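Notes follow once the structure below has been shown.
The values are calculated or read from the model by the stated rules, or taken from the named source; none is laboratory data. In this text, all values refer to a predicted model and were calculated from it rather than measured experimentally. Every residue, glycine among them, receives a Cβ derived from its backbone with ideal geometry; neighbour counts consider all protein chains shown.
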Amino acid sequence: MISVCMTTYNGEKYVREQLDSILNQLSEEDELIISDDGSSDSTVSIINSFKDKRIILKQSNFKNYSLNFENAIKDAQGDYIFLSDQDDVWVSNKVQLFLNELQNSDLVVSDVIIVDENLNVIHDSHFKLYKVEKGFLINFSKTRYIGASMAFNRNVLSKVLPFPKRTNFCAYDYWIAIISEFYFKVSLIRTPTMYYRRHNNNASTGGLKSPFSLSRQIMTRFYSLFMLILRILK
């Protein structure tokens with residue numbers, strides 16, 4: 001069974017296209033858990049209009065994309081858990097490519113095609129652009145893994161949850177990346193499996209250049225390392 005965990009917030013412009021690209025790849029036994037973070041536009045109405053029994057809609061008011069992802073992930077029932085943003089588009093064979101790789105790995109991260117809001121290609125490979133590689137030290141120092149291009153086996157939840165409380169210093173995808181690199185087997189799919197849409201309303205930097213000061217970045221590493229040590233000792 002597959003659980004796709006998606007977060008939404010005022011995503012009316014793109015969410016229908018993304019839902020179509022996901023649902024077309026799921027079986028009747030799979031689930032799509034959507035945690036909506038208090039949208040004030042028609043996002044929720046669009047989701048409900050699908051009338052698809054595989055969709056489980058949770059409504060929250062975190063105003064925090066990491067906590068919103070945790071809200072979706074913690075209820076996932078699947079053996080394989082895929083993460084999804086509201087505004088991307090999955091390629092038609094994404095799920096099968098990931099499932100093949102997940103037979104021998106715990107966390108899988110794929111390449112993506114970076115596009116603008118109209119799906120015009122900005123760069124044909126995130127991996128090539130940012131020289132993405134595996135390894136704990138590499139990704140602890142500066143991960144380029146994109147949360148929305150991750151999927152993992154259920155056993156990863158035992159170490160990932162709960163997320164660190166100070167999400168401003170340790171975002172959900174950075175936490176999943178360093179936990180998985182430390183405890184589990186990680187593999188990369190170098191074929192792009194998603195059109196990764198970048199626009200003015202993105203919630204995260206998406207693995208791009210950090211907007212934070214050097215002192216803030218150092219604080220992030222110290223806090224994340226501290227939380228990792230606590231998780232090890234738990």
Test: residue in the stretch 38-49 that is under 17 Å from the mean Cα position of the chain (by Cα), under 21 Å from Ala171 (Cβ atoms) and modelled with pLDDT of 95 or more: no
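Wholly within the stretch 137-207, which strands (runs of 3 or more DSSP E) include no fewer than the required count, namely at least 3 residues that are touching a strand residue (DSSP E or B) at 6+ places or on another chain (Cβ under 8 Å) and over 23 Å from Gln77 (Cβ atoms)?
Details: elements: 150-153, 186-189, 194-197.
Ranges flagged: 186-189, 194-197.
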Selection within the stretch 217-231 - out of contact with any Lys or Arg (no Cβ under 7 Å at 6 or more places or on another chain), touching a residue at least 12 places away in the same chain (Cβ under 8 Å) and not polar (S, T, N, Q): Met219, Arg221, Leu225, Met227, Leu228
Test: residue in the stretch 10-26 that is over 22 Å from Arg198 (Cα atoms), buried (at least 17 other Cβ atoms within 10 Å of the Cβ) and not charged (D, E, K, R): yes
Checklist (1) outside any helix (DSSP H, G or I); (2) more than 19 Å from Arg197 (Cβ to Cβ); (3) touching a Cys at 6+ places or on another chain (Cβ under 7 Å) applied to Leu83, failing item: (2)
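Return yes when Ser66 is outside any loop (DSSP other than H, G, I, E, B), on the phi < 0 side of the Ramachandran plot, touching a residue at least 12 places away in the same chain (Cβ under 8 Å) and not aliphatic (A, V, I, L, M) and no when it is not. It would help to see each step written out before you state the result.
Details: outside any loop (DSSP other than H, G, I, E, B): yes; on the phi < 0 side of the Ramachandran plot: yes; touching a residue at least 12 places away in the same chain (Cβ under 8 Å): yes; not aliphatic (A, V, I, L, M): yes.
Yes.
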Residue pairs meeting the criteria (Cβ under 6 Å; at least 6 apart or on separate chains; first assigned to a loop (DSSP other than H, G, I, E, B), in the stretch 111-123; second surrounded by fewer than 20 Cβ atoms within 10 Å (Cβ to Cβ) and polar (S, T, N, Q)): Asp111/Ser125
